[in-house]
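The structure under discussion appears below in the form of structure tokens.
The values are calculated or read from the model by the stated rules, or taken from the named source; none is laboratory data. Quick caveat, the model's predicted, so the values are computed rather than measured. In this analysis, Cβ positions are derived from the backbone assuming ideal geometry, glycine residues included, and neighbour counts consider all displayed protein chains. Just so you know, the surface numbers come from the protein's heavy atoms only, side chains and all, with ligands and any DNA or RNA stripped out. Shrake-Rupley method; radii C 1.70, N 1.55, O 1.52, S 1.80 Å.
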Amino acid sequence: MSRAKQQVDQHLIDREGQALLRRKLPRHWVLREYPPDYGLDFVLELFSEGKPDDQGRTRYETLGEHVFIQLKTIADPQIAPLQLFARSNVEKTMEVLRRDDLVGEVDTYRFPLETPELVTIERMGIGVPVLLVIADLANDRCSFVCVNDYIDKILIPRHEDYRVKASRTIHVPIRNEIGSDAGQIALRWYAKRPKLMAAFQRFTFQFSELGYAFETDGFDAMARYFLRRILPYDFWDDVEMWQPIAWWADALRKYDTEGGVVLFKGPDGKATPAESPEQAEYFRRLNILELWRCLSLLPKTYEDICREWFLPTALSEITSAPEPGAAAPVAPAS
């Protein structure tokens, strides 16, 4: 007798993993399947916290923020501590581990990803994060790591060519748990990446153009126009995990309302005094230009430090790991 189509245990496990992921995510976020599957299973869209309307109904506004998800479900997880050693700055040189400097340990899932999957994600660039999510059925837990950043900050600087093997083992920190406070912060942080990177591009352009216009009559008009272009960004009050965003938001708003900003100060902590009206005008413009210079430095810090947040690396352990007993990760000021 001929047999009909059949399903196997892995099909059941995969469905349970999808259900677990949906249960762990905030209920007002939208998880959409992303067929056909070429390494990306879902796209996650983030929404704001609910607000009641005039009729008492709760409404959730889309933030225009998305991340891709590759979901792997496991019924029998392999978990072990990973030692994190200090290492060289991998943006400047290949990885050199200092095995005499143990920074910490982090419990991780070990999961092999096929090299074609990794190459596909590498080709996408870093603009939209791709998260590898491990759905651990045994422990009712979903943990994740950003694969784009893992490739850039671990695989490429660690291997002459990571592509020569059929697969690479990815370490997924358990503490990056969906549904936890730290995991929620990390998901929100990754989802804001396209907005931040687009803003970074504009900041560097504007700083360069203001430098060219510094001694011209059009400097103030250009600065005010540039301000009008960037002040409405919706992330200024929604990236509490990276303090410099709030600093420069305050400075921009002060410039908007008061027409000036003071960033250059003397040894006494007061504004640098001017000896003449011409010098006063010079310092006024210099402070405005300095504000944009500081904005243009944000992408450098982001690339050098922030893209290692939530990865299983020593720098991540120092800059984004939750403090003992804390619910949220500690983010560096610069």
| task | Report the extension gain between residue 139 and residue 281 in nm, rounded to one decimal, defined as 0.36 nm multiplied by the number of residues separating them, less their alpha carbon distance. | result | 44.7 nm
| query | What is the packing order of peptides 203-209, 292-298, taking the mean over residues of other C-beta atoms within 10 Å and listing the highest first? | reply | 292-298, 203-209
| task | Sum -39500 (n - 2.57) across every DSSP H segment of at least 4 residues in the chain, then divide by the residue count to get the 222 nm mean residue ellipticity, nearest 500. | result | -12000 deg cm²/dmol
| query | Considering only the other residues whose Cβ falls under 15 Å of the Cβ of residue 157, what net charge follows from Lys and Arg at +1 and Asp and Glu at -1? | reply | -2
| request: On the protein heavy atoms, probe 1.4 angstrom, tell me the percent of accessible surface of segment 116-212 carried by carbon and sulfur. | output: 51
| query | How big is the antiparallel share of DSSP beta bridges in the chain, given as a percent to the nearest 5? | reply | 85
| query | What is the helix-to-structure angle for 115-124, meaning the angle in degrees between its Cα long axis and the longest Cα principal axis of the chain, kept from 0 to 90 and rounded to the nearest 10? | reply | 30
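Calculate the all-directions average of the projected area of segment 82-197's alpha-carbon convex hull, and give it in nm².
Convex hull of Cα atoms, orientation-averaged projection: 8.1 nm².
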| remark: Heavy-atom accessible area per residue of the chain, all protein chains kept, 1.4 Å probe, expressed in Å², is 53
| query | Given 189, 315, 80, which one lies farthest toward the positive end of the charge dipole of the chain, if we put +1 on the Cβ of every Lys and Arg and -1 on the Cβ of every Asp and Glu? | reply | 80
| query | Can you tell me the Rg and Dmax of the chain, counting just the alpha carbons, in angstroms? | reply | 23.6, 101
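Could you state, as a whole-number percent, how many of the C-alpha pairs of segment 102-156 are farther apart than 12 Å?
Percentage above 12 Å: 71.
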| message | Take the residue pairs 165/195; 72/92; 24/92; 72/300; 195/254; 51/153 and return only those whose Cα atoms are more than 30 Å apart. | response | 165/195; 72/92; 24/92; 72/300; 51/153
| query | Assigning unit charges at the beta carbon (Lys, Arg +1; Asp, Glu -1) and nothing else, what dipole magnitude in debye, to the nearest 20, does the chain show about its Cα centre? | reply | 680
| request: Please sort 105-114, 210-219 by packing, taking for each peptide the average over its residues of neighbouring beta carbons within 10 angstrom, highest first. | output: 105-114, 210-219
| query | Of the residues 136, 14, 234, which exhibits the maximal mean-square fluctuation in a Gaussian network model of the chain defined by a 10 Å Cα contact cut-off? | reply | 234
